[in-house]
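Notes follow the structure.
The values are calculated or read from the model by the stated rules, or taken from the named source; none is laboratory data. Here the structure is a predicted model, which is why all the values come from computation and not from measurement. With ideal geometry, Cβ positions are generated from the backbone for all residues, glycine too; neighbour counts draw on all protein chains shown. Note: areas computed on protein heavy atoms with side chains; ligands, DNA, RNA excluded. Shrake-Rupley method; radii C 1.70, N 1.55, O 1.52, S 1.80 Å.
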Amino acid sequence: MAKPALMDYDKALELFEPVLGFEVHVELNTQTKMFSDAPNPAALGNVHAEPNTYITPVDLGLPGSLPVVNEQAVKYSISLGLALGCEIAPTSRFARKNYFYPDLAKNYQISQYDEPIAFDGSVDIELPNGRQITVPIERAHMEEDAGKLTHVGGATGRIQGAEYSLVDYNRAGVPLVEIVTKMIEGAEADAPEVGKAYVAAIRDIVVALGISEAKMERGNLRCDANISLRRRGSDTLGTRTETKNVNSLRSVERAIRYEIQRQAAILEAGGTITQETRHWHEDTGVTSAGRPKSDADDYRYFPEPDLLPVEPSAELIAELRAALPEAPALRRKRLQAAWGFTDLEFQDVVNSGLLVEVEETVAAGASPAAARKWWTGEIARLANAASVDPSTLVSPKHVAELALLIDMGSLTDRLARQVLEGVIAGEGTPAEVVQSRGLTVVSDDSALIAAIDEALAAQPDVLEKIREGKVQAAGAVIGAVMKAMQGKADAARVRELVLERAGQ
Ligand code: MN
């Protein structure tokens, strides 16, 4: 496939204004599916179960089977709607969205159409450059996920060129909330960052609510990005494309940038944009044409006759509103202020995904600086080397205990790393590892002085220099003492004693 021409990004922004819109699908982590009592794979870490084992007649759309609405999924959807600042509809209705595709056995998806459960909200986002933007939310509606096709025999894994296709209905009927934004104008050159920050904000919200596993790489959170360009000085909106299932935050950013450059090149060459879905290719960094897509009435929506309208009571809505967690953006502001971190230090923690760990470590008694240092430093390094999540290595309580031992002068950083190793190896709490491995700092001055006198005697020239006031020469003696003590000494105390013994 020849790569299409791309216009330079800055040039594209000079000529056109990007207009954005997003549809984000969130898989809920309820125990069972949206309309059946089959186990919900999205709550089980999307384990690779045998295909077609998490299914009931409802998920297969077998004749005579009837859907039943999952109450928990409705509650989660209301909570999400409230967290997005939406109004909750006193009455909302399911509708059939008709289309043929082999991963949807009924040939229609149960979704919501003109009566969604939540509407008219907004999400505040902050860009890396400090710019604040309010993303307007059109609606959030409930629906079911489709199954999955695997195309076998082709080079690309796509249907084109495949010899045959397999269908797995385990995902069919997984509860989804689809969040649809209104048109987002004014993002300008920040459009890619707006997309990334918006999807990150949605992820933070669903994680804070605890209603989804929210792993983009597993498809728990999937973003479709609508992008069009409006020529400067024109009131007419451009034709949009819909880039589907962009499955990482970085890809959202890259895909938007790419579409802006691709569309600008076509328009400037006198061409037209086809209204279509497009696929993002993570490996090559391009989008390719999917299927042509016109507007919604294709789907012949009609009210789902097998389900009653959803009518949550005002009491239920009030109860769910009262139970909402602190908004993630506000929580971050509060924690940064409480910890006294610079923007850079705080971003470091957020970007490593260790905010909760640092928070719990501070709550367990460590200083914020120590908590940040251990989690984003040594623990992240060990976790990275072992390809595991840092939070699986050690508990915040143990990290706090380690930090306290350092503060008390019982451990040097070097000894603390050995203690950490022991804790990770399952040898017990930090105190127990200190005990069993004999790692306490030698705090007995007489032992230190003996070692210092020996080192000074061995390096008379150094002693002479220190006496002449060349204090930096003490480094060689301190090093020798630390070595003799096998690192179990507090270097600052050793330095004091060296200078004292040298008569300084
Ligand atoms: Mn949808």
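Side notes on the structure shown:
- Members of region 406-454 that are under 22 Å from Lys373 (Cβ atoms) and part of a loop (DSSP other than H, G, I, E, B): Met408, Gly409, Ser410, Leu411, Thr412, Ala425, Thr429, Leu439, Thr440, Val441
- Candidates Gly173, Gly154, Gly147: the one that is of a type in the set (Gly, Ala, Ser) and within 14 Å of the ligand (Cβ to nearest atom) is Gly173.
- Yes/no for Ala269 being without any contact (Cβ under 8 Å) to a residue 40 or more places away in the chain, among the aliphatic types (A, V, I, L, M) and open to solvent by 10 Å² or more (accessible area, probe 1.4 Å): no
Each row is one residue, and each column tells you yes or no for (1) of a type outside the set (Lys, Arg); (2) modelled with pLDDT of 90 or more; (3) assigned by TED's automatic domain parsing to the domain that holds Ser367.
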residue: Thr412; (1), (2), (3): yes, no, yes
residue: Gly422; (1), (2), (3): yes, yes, yes
residue: Ile449; (1), (2), (3): yes, no, no
residue: Asp453; (1), (2), (3): yes, no, no
residue: Gly469; (1), (2), (3): yes, no, no
residue: Gln472; (1), (2), (3): yes, no, no
residue: Ala484; (1), (2), (3): yes, no, no
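- Beta carbons closer than 7 Å, at least 6 apart along the sequence or on distinct chains, never pair a first residue in region 112-128 that is not assigned by TED's automatic domain parsing to the domain that holds Arg250 with a second that is open to solvent by 10 Å² or more (accessible area, probe 1.4 Å) and not in a loop (DSSP other than H, G, I, E, B).
- Exactly one residue out of Pro4, Pro67 is outside the structural domain of Ile202 (by TED's automatic domain parsing) and surrounded by fewer than 21 Cβ atoms within 10 Å (Cβ to Cβ): that is Pro4.
- Meets criteria (of a type in the set (S, T, N, Q) and either open to solvent by less than 40 Å² (accessible area, probe 1.4 Å) or in contact (Cβ under 8 Å) with a residue 40 or more places away in the chain (or both)) for Gln261: yes
- First in region 75-101 and in the same structural domain as Glu23 (by TED's automatic domain parsing) and more than 25 Å from Ile205 (Cα to Cα), second anywhere and outside any helix (DSSP H, G or I) and among the basic types (Lys, Arg), Cβ under 6 Å, 6 or more apart: Asn98/Arg300
- Selection count where residues are open to solvent by less than 50 Å² (accessible area, probe 1.4 Å) and either more than 16 Å from the ligand (Cβ to nearest atom) or more than 14 Å from Ile125 (Cα to Cα) (or both), scope region 194-203: 6
- Scan of region 87-112 for residues that are in contact with a helix residue (DSSP H, G or I) (Cβ under 8 Å, 6 or more places away or on another chain) and within 14 Å of the ligand (Cβ to nearest atom), ordered by number: Lys97, Asn98, Tyr99
- Test: Gly270 is in the same structural domain as Gly157 (by TED's automatic domain parsing) and either assigned to a loop (DSSP other than H, G, I, E, B) or at pLDDT 95 or above (or both): yes
Yes/no matrix, rows are residues, columns are (1) aliphatic (A, V, I, L, M); (2) within 23 Å of the chain's Cα centre (by Cα):
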position: Leu307; (1), (2): yes, no
position: Pro312; (1), (2): no, no
position: Trp339; (1), (2): no, yes
position: Phe346; (1), (2): no, yes
position: Asn351; (1), (2): no, yes
position: Leu354; (1), (2): yes, yes
position: Val358; (1), (2): yes, yes
position: Thr361; (1), (2): no, yes
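- Checked against (1) within 16 Å of the ligand (Cβ to nearest atom); (2) assigned to a strand (DSSP E or B); (3) closer than 30 Å to Ser65 by Cβ, Ile137 passes all but condition (3).
- Evaluation of Ala400 against (1) in the same structural domain as Arg381 (by TED's automatic domain parsing); (2) open to solvent by 40 Å² or more (accessible area, probe 1.4 Å); (3) in a helix (DSSP H, G or I) (one fails), failing number: (2)
- Exactly one residue among Ala187, Ala162, Ala191 is more than 16 Å from the ligand (Cβ to nearest atom), among the hydrophobic types (A, V, I, L, M, F, W, C), open to solvent by less than 50 Å² (accessible area, probe 1.4 Å) and free of Cβ contacts under 8 Å to residues at least 60 places away in the same chain, and that residue is Ala162.
- If you go through region 370-388 and keep only what is free of Cβ contacts under 8 Å to residues at least 24 places away in the same chain and either of a type in the set (A, V, I, L, M, F, W, C) or not in a helix (DSSP H, G or I) (or both), you end up with Ala383, Ala385, Ala386, Ser387, Val388.
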